[in-house]
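*Asks:* I'd like to ask you about the structure that follows.
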Amino acid sequence: MTNPVPTFPEGFLWGTATSSYQIEGAVTAGGRGPSIWDTFSHTPGKTYNGDTGDVAVDHFHRLREDVALMEQLGLNAYRFSIAWSRLLPDGRGAINQDGVAFYRQLGERLRAAGITPVATLYHWDLPQALQDEGGWLSPHSPDWFAEYAAVAKEQLGDLISIWSTLNEPWCSAFLGHSEGSHAPGITDPASSYVAAHHLMLGHHRAIRAMRETNRRPDDQLGIVLNLIPAWPATNEPEDVAAANAIDAVHNQLFLEAVLAGRYPQLILDYHDRFGVGDRIDATELAEVREDIDYLGVNYYNVNLVRYVAGAPAMAAWPGSDGSVMDPPPGELTDMGWGVEPAGLKWTLLRVAEQHPGLPLYVCENGAAYPDVVAADGSVADPKRIAYLEGHLAALGDAMAAGADVRGYFVWSLLDNFEWAHGYQMRFGLVRVDLETMQRTIKASGYWYRDFIAGQRS
Ligand code: IFM
């Protein structure tokens, strides 16, 4: 039985999340250097409708208005990402003070509004200058990332105390280097394991760099993983093994690398199978391992996995030959994802059981549905409200059962650039008219505002 109106502890963070390339626009303003997503989105055929983040939803120029929206929603936290190439246009070396000024202004405005800033260093927009030197396939990439982490902490650490290194490194590694549906668009399964390794080394090196730079007593340093429940479709051993293979690549690779400084045996087997065992030094991972102060969990949906003899491995989970994934029965969101709040509870409790004592944040949760704008301009989005209501009840259940969750962030504050899907997916609590950039709080935004207010009364 789920509790329909859970009560959350005092001090719980109620936020929304966004990322730099998805909302900022202004890609050539303020000294920003190009990123791999500029290159990728401008490559014909890579995004829906040829959409790019050139203008996105113009947050760079509308920061004041967007913080005011957060105040209207009653948020006490806001998760955003820093564009690496705004701080370091070439990825390393010279610091761009205009970029620093933009994020300082954001941090200051948030704090003045009583909204805790929660920053992610890397939400997929690698400086193109570093991609030109090999990107995440370069053995130097962990050093580049540590340098950037230290610069960000030095310049902004007085305003921001909650930091994540990477957002969803599975996407960077496997969508970016094996499936090729994300920047930099490489389609080489072997490379994706090398990229994953450098991302993990980079994460630990960045945590170390941030602990050594501008250290403050209230610092909280962590990482955000998109954990998907890969549930076997039946109890047949073949389906269970097929589900385990997906779980290993998607979840356990990153959980173990982050928390234990090692890889699951199946992943080590894949390293050998793809011929990259000599490029991935697992002992180095153990040596650089740093504790984290919290784990961020992004949760959207459940996948049911079955074994189909002869089915080729899905490109985003290289090695998973025979594994086939389907959404659970029932209605799907625009992304084709099932709606399964029980998966959020399951995910949080599983992490809590495997890693007791680790504080958690739900850093993303939300759904894409089409906006229907009424004649009076209002936007009723009952399906998004139902999605949020169900997932907040599941979150309450997970916490009642022992998960130590400290905050929850809806994806997303604003409709925005949904990567290869362009602007056709709308995740916002706030609608953005892409012609005029006018912001309109949707019914779900008002619903979330009232839910938060109900927690405070
Ligand atoms: O928009 C993305 C976000 O950038 C990362 N997590 C999933 C969201 C929805 O697909």
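Throughout, read-outs are computed from the coordinates displayed, never taken from laboratory work. Since this is a predicted model, take the numbers as computed values, not measurements. Quick reminder, even Gly has a Cβ in these numbers, built from the backbone with ideal geometry, and neighbours come from all protein chains shown.
*Asks:* Quick check of the Kirkwood formula: for region 61-100, what is the inverse mean of 1/r over all pairs of different Cα atoms, in Å?
*Replies:* 12.0
*Asks:* If the viscosity is 1.567 mPa s and the temperature 4 °C, what Stokes-Einstein diffusion coefficient in µm²/s follows for region 303-343 when Rh is the Kirkwood radius over Cα pairs?
*Replies:* 114
*Asks:* With a/c under 1.5 counting as rounded, go ahead and sort region 173-282 into rounded, prolate or oblate using the C-alpha gyration tensor (a ≥ b ≥ c being the square roots of the eigenvalues; past the cut-off, prolate if a/b is larger than b/c, else oblate).
*Replies:* prolate
*Asks:* Reachable lysines from K383, Cα under 23 Å, same-chain residues fewer than 8 places away excluded?
*Replies:* Straight-line reach from K383, under 23 Å: K345, K442.
*Asks:* Please work out the FRET efficiency for the pair A380 and R111, using the Cβ-Cβ distance as r and a Förster radius of 22 Å; give the result to the nearest 0.05.
*Replies:* 0.05
*Asks:* With an 8 Å Cα cut-off and a minimum separation of 6 or more residues, compute the relative contact order for region 19-113 in percent.
*Replies:* 35
*Asks:* Pop the C-beta distance of S457 and D188 into the FRET formula with R0 = 45 Å and round what comes out to the nearest 0.05.
*Replies:* Given R0 = 45 Å and the Cβ-Cβ separation, E is 0.25.
*Asks:* Kindly work out what percent of the DSSP beta bridges joining two residues of the chain are antiparallel, to the nearest 5.
*Replies:* Around 20 percent of the beta bridges assigned by DSSP in the chain are antiparallel ones.
*Asks:* Any idea what the alpha-carbon Rg over 2.2 N^0.38 Å comes to for region 360-418?
*Replies:* Taking the Cα Rg and dividing by 2.2 N^0.38 Å, one obtains 1.36.
*Asks:* Quick check: residue separation of D321 and E287 times 0.36 nm, minus the Cα distance between them. What number comes out in nm?
*Replies:* Stretched out fully, the D321 to E287 stretch lengthens by 9.0 nm.
*Asks:* Sorted from fewest to most neighbouring beta carbons within 10 Å, what does the list R211, R431 look like?
*Replies:* So the residues, fewest neighbours to most, are R211, R431.
*Asks:* Over region 242-393, how many percent of alpha carbon pairs lie in each 5 Å bin up to the one with the longest distance?
*Replies:* The percentages, shortest bin first, are 2, 8, 13, 16, 16, 15, 13, 8, 4, 3, 1, 1, 0.
*Asks:* Here's another thing I want to ask about it. Give me, ordered by chain and number, the residues 5 or more places off D188 or on other chains with an amide H under 5 Å from its own placed amide H.
*Replies:* S178
*Asks:* Follow-up. Considering only the other residues whose Cβ falls under 12 Å of the Cβ of F174, what net charge follows from Lys and Arg at +1 and Asp and Glu at -1?
*Replies:* Net charge around F174: -3.
*Asks:* When ranked by the protection proxy of mean other Cβ atoms within 10 Å per residue, highest first, what sequence do the peptides 163-171, 247-255, 60-68 form?
*Replies:* 163-171, 247-255, 60-68
*Asks:* For region 300-457, what proportion of DSSP beta bridges, expressed in % and rounded to the nearest 5, is antiparallel?
*Replies:* If we restrict to bridges inside region 300-457, about 75 percent are antiparallel.
*Asks:* Over the Cα atoms of region 1-113, Rg to Rh with Kirkwood Rh, two decimal places?
*Replies:* 1.07
*Asks:* So, with +1 on the Cβ of K and R and -1 on the Cβ of D and E, and no other charges, what is the size of the charge dipole of region 286-435 about its Cα centre, to the nearest 20 debye?
*Replies:* 320
*Asks:* Right, another one. Is the chain rounded, prolate or oblate when judged by the Cα gyration tensor, a ≥ b ≥ c being the square roots of its eigenvalues, rounded requiring a/c under 1.5 and prolate requiring a/b larger than b/c?
*Replies:* Here the chain falls in the rounded category.
*Asks:* Follow-up question, since we're still on this one. Which shape class applies to region 10-51: rounded if a/c is under 1.5, otherwise prolate when a/b exceeds b/c and oblate if not, where a ≥ b ≥ c are the square roots of the Cα gyration tensor eigenvalues?
*Replies:* oblate
*Asks:* Using a Förster distance of 22 angstrom, determine the FRET efficiency expected from the C-beta separation of D404 and R211, and round it to 0.05.
*Replies:* Rounded to the nearest 0.05, the efficiency is 0.55.
*Asks:* Here is a follow-up. Based on the alpha carbon coordinates of region 320-377, what radius of gyration and maximum Cα-Cα distance (Dmax) apply, in Å?
*Replies:* Over region 320-377's Cα set, Rg and Dmax evaluate to 16.7, 52 Å.
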